[in-house]
Amino acid sequence: MTAEAVTATPAWAMLAYLVAGVLFILSLRGLSSPESSQRGNRNGMIGMAIAVITTLVLHGVGLPLILGAIAIGGSIGWFIAQKIKMTAMPELVAGFHSLVGMAAVLVGCAAYLNPAAFGILDAATGEIHAVSRIEMGLGVAIGAITFSGSVIAFLKLSGRMGGNPIMLPGRHIINLGLLVGILGLVGYFVTDQSPWVFFTITGLSFIIGFLLIIPIGGADMPVVISMLNSYSGWAAAAMGFTLQNTAMIITGALVGSSGAILSYIMCKAMNRSFISVIAGGFGAAPEAAGGKGGGVQKAYKAGSAEDAAFIMQNAESVIIVPGYGMAVSQAQHALREMGDLLKKEGVKVSYAIHPVAGRMPGHMNVLLAEANVPYDEVFELEDINSDFAQADVAFVIGANDVTNPAAKTDKTSPIYGMPVLDVEKAKTVLFIKRSMGGVGYAGVDNEVFYMDNTMMLLADAKKMVETIVKALGH
Amino acid sequence: MEFLSILSIFVMACFVGYYVVWSVTPALHTPLMAVTNAISSVIIVGALIASSAAAGGSETSKWLGLLAVVLASVNIFGGFAVTRRMLAMYKKKDKKPAAAK
């Protein structure tokens, strides 16, 4: 009745943590529509403030140091948030995930070194509770995987490391072995709480996180980043179990399911199983994949910005299909300008977003919002796909695989079965592409390029759109 | 609290999360990731306990805790601020945007 009685949480604090948890639920609920989203975000902040203040009141020893730490971290975070470019959101989110992972590992280590403070010490034996050891082991393992995985994702997304998958021979065996090793050690940790067990779990988890993400590249990044999002949640939940803290458990469960659902949506949008994404290596062999008559140079029609401007001016409706290429060349502002000019001419302009366009879920929507495109002109795949048949122009900018009709017809294509935007059904397809040489991330040729009603606009996306804007101005 | 009551909270929260997240509009999936990122830093609670528990505990544990407080704070402030910045960009059609740069 000693250690536990001292650290048992009083009722008011438990209620406060519960309130924080509920506020976190409301913060996600707010995101169901843009109108309520800011209120949701505020709920999240209030929840966090309640959780932090409650903890400080309960354990407020050494306050100056703690407040200093919060001030340092907080100002760094705030500064980054103001400076970051919207096109760099994917790597920012990956970077933030790595911090959650590392924080979980550090908290796990701290709890291991000072179990009494966390109320997980069994007074009778002087050892850590058996259940707590499992929770702690799992929490540290997931945290470490989140950390090293997110660091790799960050390096890949920010271009500091090649986006191509790196394939180690026998990596499935190695990863499986590591996973079994980690789980085995977590089990063994129950019987033996010596430091080597704890720190080997941590070390192996760092390694497996690194190995898991290394072979995944390019188009699969949206899944990776959602998956790491999920892991960071489970890490928080596991720590919540150790600390018996409802706010942490509720939040962990929310974030964990959120990331899992996003991964599911992304996988479904690519018609790939989660396992095959994790196994990695997609888009590793571009030459060999799909597309009949690969070697032969097929005929295509190239056009100029003036041609494109003329066609769109005389159209009744234009559907714009943005993809990752738009983000890379930062063309969203020029694109919005083009849309405005067309609307002035009486053309109906809308935007069609494929779920995996970009490098993270919802990436295109944020970029268009940044460029002041009203969100009610932006539509998801299933809401707009039937409109292409009536549209005069489909304007594809920096997207490729998500428009490839081979996904519907060619059973041998690696992207077969993936839901795609039916751009080829529009009367005219304007396709902005840097050059005819490159192929999309899936490494598949796109027959839309060679259709009679397609005009290829070969240039940097931003320059091309700017020239079109100039041409429209006359 | 007993393990089973904690587990019950966890399982219920998973279901709540499942339904709440499906109701999030796909257009806001990026802000969703940013805000989940911020709230998962509630792990700062553990970090605060570690860093305030110096009395009778290990020094290392305290400093590990403080480092975790710094990391989690980056995430909390950064995550909420960037979400706020993004959400402020989502506008409806009627409001004519002031001339863009």
Check: Going toward the positive end of the dipole of chain A, with +1 on Lys and Arg Cβ and -1 on Asp and Glu Cβ, which of A:230, A:28, A:166 do you reach last?
Finding: A:166
Margin query: Residue by residue through segment A:109-119, what is 3J(HN,Hα) from phi via Karplus (6.51 cos²θ - 1.76 cosθ + 1.60, θ = phi - 60°)? Round to whole Hz and write x for glycine and proline.
Written below: 4, 4, 5, 5, 6, 9, x, 4, 5, 9, x
Item checked: Interchain or long-range residues, amide H under 5 Å from residue A:128's placed H -> A:122
Check: FRET efficiency for residue A:88 and residue A:12, Cβ-Cβ distance as r, R0 = 35 Å, nearest 0.05?
Finding: 0.25
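Quick check: residue separation of residue A:470 and residue A:330 times 0.36 nm, minus the Cα distance between them. What number comes out in nm? Intermediate results must be reported in sequence, preceding the final value.
On the way: separation 140, 0.36 × 140 = 50.40 nm, distance 1.76 nm.
That pair, residue A:470 and residue A:330, stretches by 48.6 nm at full extension.
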Check: If you plug each phi of segment B:31-38 into the Karplus form 6.51 cos²θ - 1.76 cosθ + 1.60 with θ = phi - 60°, what whole-Hz ³J(HN,Hα) values come out, in order, with x for Gly and Pro?
Finding: x, 4, 5, 5, 6, 5, 4, 5
Notebook entry, point to check: Helix A:246-269 versus the longest principal axis of chain A: what is the Cα-based angle in degrees, 0 to 90, to the nearest 10?
Noted result: 30
Checklist line | Förster radius 30 Å - calculated FRET efficiency between residue A:160 and residue A:434, Cβ distance, rounded to 0.05 | finding: 0.85
Next item on the list: For helix A:11-29, report the angle its Cα long axis makes with the longest principal axis of the Cα atoms of chain A; keep it between 0 and 90° and round to the nearest 10°.
Entry: 10
Margin query: From zero outward in steps of 20 Å, how is the percent of C-alpha pairs of the protein assembly as shown spread across the bins?
Written below: 22, 49, 24, 5, 0
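First measure r as the distance between the Cβ atoms of residue A:452 and residue A:124, then evaluate 1/(1 + (r/R0)^6) with R0 = 60 Å and state the FRET efficiency to the nearest 0.05.
On the way: r = 83 Å, r/R0 = 1.38.
E(calc), rounded to 0.05, equals 0.15.
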Check: With respect to the cross-link table entries A:83/B:92; A:301/B:93; A:83/A:408, which display a Cα-Cα separation exceeding 31 Å?
Finding: A:301/B:93; A:83/A:408
Item checked: Residue-by-residue Karplus 3J(HN,Hα) for segment A:186-198, coefficients 6.51, -1.76, 1.60, Hz, glycine and proline x -> 4, x, 5, 4, 5, 8, 9, 9, 5, x, 4, 5, 4
Notebook entry, point to check: Check residue A:454: other-chain or 5+ apart residues with amide H under 5 Å from its amide H, H built from backbone geometry?
Noted result: A:429
Next item on the list: Measure off 7 Å from each Cα along the Cα-to-Cβ vector at residue A:382 and residue A:409, then give the distance between these two points in nanometres to one decimal.
Entry: 2.6
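May I ask you to sort A:420, A:61, A:224, A:186 by Cβ crowding, counting other Cβ atoms within 10 Å and putting the fewest first?
Values: A:420 24, A:61 14, A:224 28, A:186 21.
Fewest to most other Cβ atoms nearby, the residues stand as A:61, A:186, A:420, A:224.
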Next item on the list: Using amide H atoms built 1.01 Å from N in the peptide plane, name the residues 5+ places from residue A:321, or on other chains, whose amide H lies under 5 Å from its own.
Entry: A:352, A:395, A:396, A:397
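How much length would be gained if the chain were fully extended between residue A:71 and residue A:279, taking 0.36 nm per residue of separation minus their Cα-Cα distance, in nm to one decimal?
Values: separation 208, 0.36 × 208 = 74.88 nm, distance 4.10 nm.
Here the answer is 70.8 nm.
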Margin query: For chain A, take the longest principal axis of its alpha carbons; what is the angle in degrees between that and the long axis of helix A:461-473, to the nearest 10 within 0 to 90?
Written below: 50
Checklist line | Potential extension, residue A:298-residue A:61 segment - 0.36 nm per residue separation minus Cα distance | finding: 78.0 nm
Item checked: Label point distance in nm, residue B:92-residue A:271, each placed 7 Å from Cα along Cα→Cβ -> 3.9
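Any read-out appearing in this document is the output of simple, stated calculations on the displayed coordinates, not a laboratory observation. Keep in mind that what you see is a predicted model, and the values were worked out from it rather than measured. Virtual Cβ from ideal backbone geometry, glycine too; neighbours counted across all protein chains shown.
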